[in-house]
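Read through the structure below, which is laid out as structure tokens, and then see the notes.
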Amino acid sequence: MDVCGEKSDGLAERLACDQPLTMKAPTVLAPGVLVLLLTLLQRSHGECKEALVKSEMNVNMKYQLPNFTAETPIQNVVLHGHHIYLGATNYIYVLSDKDLQKVSEFKTGPVLERPDCLPCQDCSSKANSSGGVWKDNINVALLVDTYYDDQLISCGSVRRGTCQRHVLPPDNSADIQSEVHCMFSLLVDEESGQCPDCVVSALGAKVLLSEKDRFINFFVGNTINSSYPPDYSLHSISVRRLKETQDGFKFLTDQSYIDVLPEFRDSYPIKYIHAFESNHFIYFLTVQKETLDAQTFHTRIIRFCSVDSGLHSYMEMPLECILTEKRRKRSAREEVFNLLQAAYVSKPGASLAKQIGASPSDDILYGVFAQSKPDSAEPMNRSAVCAFPIKYVNDFFNKIVNKNNVRCLQHFYGPNHEHCFNRTLLRNSSGCEVRSDEYRTEFTTALQRVDLFMGRLNQVLLTSISTFIRGDLTIANLGTSEGRFMQVVLSRTAHFTPHVNFLLDSYPVSPEVIVEHPSNQDGYTLVVTGKKITKIPLNGLGCGHFQSCSQCLSAPYFIQCGWCHNQCVHSDECPSGTWTQETCLPTVYKVSPTSAPLEGGTVLTICGWDFGFKKNNKFDLRKTKVLLGNESCTLTLSESTTNTAFGGDLSVQLHMEHCVWKSEDNFGNSVTSYRWLKCTVGPAMSEHFNVSVIISSSRETTQYSAFSYVDPIITSVSPRYGPQAGGTLLTLTGKYLNSGNSRHISIGGKTCTLKSVSDSILECYTPAQSISAEFPVKLKIDLANRVVSGFSYQEDPIVYEIHPTKSFISGGSTITGIGKNLNSVSIPKLVIIVHEVGVNYTVGVSASLKFRDHLLHHSFPATAGPATPLKTKAFFLLDGILSKHFDLTYVHNPVFKPFEKPVMISMGNENVVEIKVPVESKMRVDSPGARTIGRVVSHMDEEN
């Protein structure tokens with residue numbers, strides 16, 4: 001086991017871990033400077049991570065679900081009868097609600113757009129003339145009206161945002177081609193410039209159809225900017241009535257619409273996220289800037305009375321989904337999730353209704369929110385889910401009305417409009433009976449609700465939500481930006497984990513969802529991802545994704561999962577009749593460590609799952625035993641003031657971090673399962689291998705055979721000496737040295753700092769001692785003690801000087817350090833610091849070189865970099881001691897030229913040869929013109 005860390009600050013461990021070195025001055029290493037990462041590893045529970053993964057739900061399951069893939073991206077989906085209608089770019093599709101097979105389609109684009117073409121006019125004959133542009137028709141709104149005729153109304157991004165209606169024959173509601181009408185008529189009597197038939201914006205819109213007093217009203221929220229010319233007459237918020245002739249729409253008054261002023265349309269965009277009706281009110285949810293001058297965005301809810309054709313009852317206020325440690329009041333650590341991504345309105349289950357102060361008959365607005373990037377409407381991967389009872393929304397609108405938190409809607413009126421001055425700021429409580437001196441209002445105080453998941457969705461961007469009820473539980477269907485679909489029980493007081501979680505597609509899940517037959521066993525949801533729509537059953541996707549028994553039995557009751565032969569299945573999938581929904585047999589995945597010394601004292605970590613799982617919440621730790629063969633392994637306990645997870649009066653819990661997996665059972669009651677156990681191993685008389693680890697409770701027993709009692713021994717210690725200052729890398733060789741939990745090596749009562757651990761080798765850095773003497777080496781492994789003698793501390797080495805102080809740039813020269821006590825060092829090293837290139841070179845002593853106690857020999861390393869001469873600094877690393885720094889200069893490599901016509905003369909000595917060279921042949925080492933005789937002497941036989 002290598003205990004080198006990612007970053008080490010001390011010299012010895014940086015050299016040991018091959019990390020860069022920067023030296024400032026000679027020093028002696030302190031014995032406590034080495035970082036002991038081993039103890040950190042022993043305190044962690046990383047050894048159980050694999051067991052944790054294997055016991056988690058399988059989120060990579062693949063399912064064969066009914067689906068349909070369109071030619072282009074799908075924007076809207078509606079249900080009518082037994083057919084599903086899809087609004088997609090350039091197409092409308094009709095699918096069977098049973099298997100999502102295509103029944104028919106209608107092509108809506110591309111469309112040739114020309115300034116001289118009216119919305120209902122076919123201009124394709126002018127395709128070759130100038131001034132026309134072919135545009136894709138994005139489906140902005142898709143609605144079904146059944147008041148006059150059964151008809152499908154589709155509004156697109158082309159033809160000035162007008163709509164078409166497809167009359168659905170009573171005997172064939174899949175026929176959307178036989179009778180198609182353009183909903184546009186030229187105005188004759190009405191004011192020029194108005195176009196009530198121009199309904200939706202290509203930048204985005206939300207349209208809500210409502211039947212009131214025998215009339216069909218369309219409530220529309222549009223995102224608009226300066227790209228829309230005035231003659232398009234698109235409005236930010238409007239209410240219009242479907243004409244009885246059904247060939248278009250009409251505004252009832254000149255107050256039936258509100259517009260963002262032209263000067264603010266580019267700088268103050270409003271994105272309409274969702275629209276719904278509840279009781280007597282129409283609601284829109286938006287994301288927009290906090291003020292005209294602000295750069296930050298927030299979410300608002302807009303409300304007005306459904307019979308208010310003049311929008312006099314229009315009010316809006318901020319909505320905030322927050323995460324805070326204090327639920328009753330704001331705190332400094334509050335987090336706001338400011339961007340609504342999707343919303344859904346439905347009734348709550350009895351359990352959630354009670355938790356949020358609502359009744360099961362109340363409408364609840366469920367919203368998925370995200371935190372935005374700074375000064376942006378772009379969401380980050382950090383989400384929250386909040387539930388707003390609509391009755392609380394209405395109460396909040398009525399109760400916060402006062403002069404301190406009401407202001408003029410400046411993006412509609414402008415800051416200097418008469419509505420913003422000298423008008424009453426009070427509103428009546430009903431919201432529909434508006435006096436003449438009242439006006440449309442913006443409230444500045446936000447309605448807050450707390451994230452139901454309490455910050456656990458901190459690495460995901462939710463893009464979709466819908467809900468349904470099973471018994472007393474409220475189940476949420478959640479979609480993510482990565483195309484993942486999840487089902488999870490919603491609760492404010494308990495932490496449920498998703499019981500369905502799989503990758504549906506590679507495209508984000510659309511906020512446009514349908515939930516059909518939510519109270520029936522065959523209920524389903526329709527989920528859109530890009531070009532694809534998928535039908536997913538509300539009662540789950542089987543049980544195979546639950547990999548542990550405790551997860552299987554904790555799944556919501558309506559999924560009807562049980563445990564059978566190490567699998568989670570439905571009862572009819574368990575032929576042996578051993579299917580259970582009550583108890584789980586503990587599963588041991590791994591035991592760590594796998595061996596302990598005979599003396600015991602080792603804390604055994606048993607990794608696995610389903611330890612102590614009981615659905616009735618009556619698990620008693622005191623009835624659980626861990627045996628090693630026939631010997632008891634004592635569970636580690638700690639006192640606890642309260643422990644409701646176990647039930648009864650039990651006041652002990654397992655002593656570990658994050659070892660307990662807590663969930664809720666089918667009825668919302670807390671259930672507990674342990675992911676690992678810890679117990680202390682007792683002593684053994686002799687070595688035993690493959691001892692069975694047995695875990696037994698009052699009813700269940702399991703065993704795992706992978707543990708041994710061993711007798712650690714030390715066979716050798718190397719080196720046998722080192723400097724008094726310490727820092728020598730000491731190696732202990734033996735057997736079973738990595739058994740047990742912890743090991744401590746000491747010399748003379750001081751700690752030898754561990755570097756690495758294996759079965760047969762321990763390495764540590766020796767501590768400093770105050771005297772030069774021989775000390776025993778002691779090894780302690782848990783309760784086992786082993787002693788060997790013979791490590792000798794000698795006087796610290798000192799280097800006075802080095803020579804030569806120059807070397808060629810190619811290296812290879814030998815440097816000699818002169819000093820005293822140099823033979824006290826086991827592994828001397830030379831470190832050369834090249835500041836110009838920011839590189840340190842470390843050179844070890846060659847095994848073939850010899851040195852006396854006053855001499856050290858090292859070979860110069862080659863170096864490359866700046867032009868020579870290159871000045872460097874060099875010092876010796878003598879175990880734990882640094883010598884002083886020496887100047888060392890690199891120079892150019894020598895250049896040799898051959899002699900011309902040399903004459904060799906033997907001098908009668910086989911080791912001496914004289915070379916006679918003509919006078920005109922010159923060597924670089926001679927003076928010009930001199931007669932040169934070179935002598936080459938071989939010293940092969942001399943001692944180095």
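Each label was represented as a point 7 Å from its Cα along the Cα-to-Cβ direction; for Glu335 and Phe689 these points are 5.2 nm apart. Between Gln521 and Leu79, the modelled labels are 1.8 nm apart [label points 7 Å from Cα along Cα→Cβ]. Annotation: extensible slack from Val895 through His744 equals 48.6 nm (criterion: 0.36 nm per residue apart, minus Cα-Cα distance). Let me make sure I get this right: for the range 262-369, a, b and c are the square roots of the gyration tensor eigenvalues over alpha carbons, sorted descending. Under 1.5 in a/c it's rounded, otherwise prolate if a/b > b/c, else oblate. Which is it? Here the range 262-369 falls in the oblate category. Out of Gly544, Ser554, Cys574, whose Cα points farthest toward the positive end of the dipole of the range 507-582 (charges: +1 Lys, Arg; -1 Asp, Glu; placed on Cβ)? Of the candidates, Gly544 comes out farthest on the positive side. Computed from point charges on the beta carbon alone (+1 for Lys and Arg, -1 for Asp and Glu), the dipole magnitude for the range 475-576 about its Cα centre is near 220 Debye. Spin-label model, Ser267 to Val787: label points 7 Å out along the Cα-to-beta-carbon direction sit 8.5 nm apart. Our coupling estimate for the range 269-277, obtained by passing each phi through the Karplus curve with A = 6.51, B = -1.76, C = 1.60 and θ = phi - 60°, is x, 10, 9, 8, 9, 7, 9, 7, 10 Hz, Gly and Pro reported as x.
Cβ-Cβ distance of Asn630 and Ser718, R₀ of 56 Å, FRET efficiency by 1/(1 + (r/R0)^6): the value works out to about 0.85. Annotation: Trp563 carries an accessible surface of approximately 40 Å², with a 1.4 Å probe and no ligand, DNA or RNA atoms counted.
Once the C-beta distance of His280 and Asn225 is scaled by a Förster radius of 45 Å, the resulting FRET efficiency is 0.85 to the nearest 0.05.
Report the far tail of the P(r) of the range 665-797, meaning the percent of Cα-Cα pairs longer than 20 Å. Of the Cα pairs, 56 percent sit more than 20 Å apart. Put +1 on the Cβ of every Lys and Arg and -1 on every Asp and Glu Cβ in the range 675-747; which of Ile714, Ala725, Tyr736 then has its Cα farthest towards the positive end of the dipole? Most positive-ward Cα: Ala725. For the residue pairs Lys102/Lys212; Lys271/Lys531; Lys49/Lys780; Lys820/Lys871; Lys206/Lys373; Lys271/Lys532, the C-alpha atoms sit more than 31 angstrom apart in Lys102/Lys212.
Length available on full extension from Lys871 to Ser810: 0.36 nm per residue minus the Cα-Cα distance, which gives 20.5 nm.
Remark: the Asn172-Val837 segment gains 231.2 nm on full extension, using 0.36 nm per residue and subtracting the alpha carbon distance.
Kirkwood hydrodynamic radius computed over the range 773-840 comes to 16.1 Å, based on all pairs of distinct alpha carbons. Only the Cβ atoms of Lys and Arg (+1) and of Asp and Glu (-1) were treated as charged; on that basis the dipole of the range 684-837 about its Cα centre amounts to roughly 80 debye. Among rounded, prolate and oblate, which fits the range 133-266 when a ≥ b ≥ c are the square roots of the eigenvalues of its C-alpha gyration tensor, a/c under 1.5 means rounded, and a/b larger than b/c means prolate? In terms of gyration-tensor shape, prolate. Note on exposure: Phe496, Phe396, Phe689, Phe218 ranked by accessible area (1.4 Å probe, complete protein assembly) read Phe689, Phe396, Phe496, Phe218, with the most exposed listed first.
Kirkwood analysis of the range 79-204, using all unique Cα-Cα pairs, places the hydrodynamic radius at 15.6 Å.
Between Asp395 and Ser506, take the C-beta separation as r, use R0 = 51 Å, and let me know the FRET efficiency to the nearest 0.05. After rounding to 0.05, the efficiency reads 0.75.
The values are calculated or read from the model by the stated rules, or taken from the named source; none is laboratory data. Treat the numbers as computed from the prediction; the structure is a model and nothing was measured. Neighbour counts run over all protein chains shown; Cβ positions are idealised from the backbone, glycine included. For accessibility, only protein heavy atoms count, side chains too; no ligands or nucleic acids. Shrake-Rupley method; radii C 1.70, N 1.55, O 1.52, S 1.80 Å.
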